[in-house]
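Here's the structure, in structure tokens; my notes come after.
The values are calculated or read from the model by the stated rules, or taken from the named source; none is laboratory data. This structure is a prediction, so every number in the text was calculated from the model and none was measured. Cβ atoms come from the backbone with ideal geometry, glycine included; neighbour counts cover every protein chain shown. Note: areas computed on protein heavy atoms with side chains; ligands, DNA, RNA excluded. Shrake-Rupley method; radii C 1.70, N 1.55, O 1.52, S 1.80 Å.
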Amino acid sequence: MGALSYDFGAPYDFGDVAFSHSDGVVRGRFVGRVDDRGAMLRITGETTFEFTDIFEDPLDIGIEAGGTPYPITGNWTARFSAEVMKDAGRSEYGVVGGR
Amino acid sequence: MTYGPRSLTGALARYALLGLTGLILLWAVFAGARWATSFQESVTLQSGMLLSREFDWNRHGRWDLFATNGRARLARDVEFVCFNDRYVFVQSYDRGFTGLYDADTDSRVPVDYSDAMDISGLDKPGGGCNGYFTGWVGPGLLLDDGRPPFLPPCAWRNVDNVALRDRAWFERPCAPGPWPPERQ
């Protein structure tokens, strides 16, 4: 119980957004807290996200066919609030190693 | 011959079409080769376990965890890892594979998250990871030849954890700059 903070980052495929996108990187930090609510835990906090990508190699052949690559960046925040079972076995979401 | 000019036009059109087809085929060969090689990417962790990018029709490739022999698949669809010289905790898109994996036994350790982080030494008080990085990192940021932006922040290198044996790991490419990202 108490304060909770962690960093995360991974590449994600944004091809579903537009075909010209490929992988971009989303990194961020969650800062929040966990409070005891009997059989439940209440998790609240805010995540700061950072998106980074480079527009390059539009022909996808490993060389620049004219033009200059340029970075694409952005960041945003999102609030988070959830109540979860303390006993992970009682939650359809919480079972670790439960295949 | 009254059809000379039309023949010339036709011939030019045929050559243009042939050239265009050739260009498209050439592009397909290069792009296909790059696409195919993207599924040969892998990262060997200090423990000997292997993260490898695998072909997947439904996703733009996926990352799987393999045992120290490089062949036995332990976990699929890895999103984040936290790892040290023996263990790796995997966060998988498929929750059934989320858990702690031990290189000494090449298997998953059947404990919950809290116990897993305790026994592995990966626990960082207040959250985060106490392995080679302090953050939860996607395998795609761990490649030997990683280029920006596909790198973990330099600020995540857990140099303060003296129990980590592979100090050369901290010399790998990383993304300089301030961390965490500033709020807007």
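Here are the numbers for the structure shown:
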item	result
Cα gyration tensor of the protein assembly as shown - equivalent ellipsoid semi-axes, whole Å, descending	44, 21, 19
Cα→Cβ-extended label distance, 7 Å offset, between B:ARG59 and B:SER107, nm	2.5
Alpha-carbon centroid distance for the pair region A:59-88 / region B:23-90, whole angstrom	19
Residue among B:LEU164, B:SER7, B:CYS82 farthest towards the positive dipole end of chain B, charges placed on Cβ	B:SER7
Net charge contributed by nearby residues that have their C-beta within less than 9 Å of A:ASP23 (K/R +1, D/E -1)	-2
Spacing of the two label points (7 Å from each Cα toward its C-beta) at A:SER91 and A:ASP16, in nm	2.3
DSSP beta bridge pairing in the protein assembly as shown, given as percent antiparallel to the nearest 5	95
Anisotropy class of region B:42-184 from Cα gyration tensor, a/c 1.5 cut	rounded
Under 11 Å, Cβ to Cβ, from A:GLY67 - net charge with Lys/Arg +1 and Asp/Glu -1	-3
FRET E, pair A:SER5, B:CYS154, Förster distance 30 Å, beta-carbon r, rounded to 0.05	0.95
Gyration tensor verdict on region B:55-115 (Cα atoms; rounded if a/c is under 1.5, prolate if a/b is larger than b/c, oblate otherwise)	oblate
Nearest-ten-degree value, helix B:4-37 long axis tilted from longest Cα axis of chain B	10
Accessible-area value, B:HIS60, 1.4 Å probe, nucleic acids and ligands omitted, Å²	80
Residue-by-residue Karplus 3J(HN,Hα) for region B:125-133, coefficients 6.51, -1.76, 1.60, Hz, glycine and proline x	x, x, x, x, 10, 10, x, 5, 10
Distance from region A:25-53 to region B:97-154 (C-alpha centre basis), Å	18
Tensor-based shape of region A:18-99 (alpha-carbon gyration tensor, a/c under 1.5 rounded, otherwise prolate or oblate)	prolate
Relative intensity, log₁₀ I(q)/I(0), of region B:100-142 from a Debye sum that treats every alpha carbon as a point, q = 0.20, 0.28 Å⁻¹	-0.71, -1.08
Sites B:ASP166 and B:LEU26, calculated FRET efficiency, Cβ-Cβ separation with R0 41 Å, nearest 0.05	0.45
In region A:53-93, the GluC sites (Glu not before Pro) that fall in loop regions by DSSP, at most 10 other Cβ within 10 Å	A:GLU92
Radius 12 Å from Cβ of A:ALA39, net charge of other residues (Lys, Arg +1; Asp, Glu -1)	+1
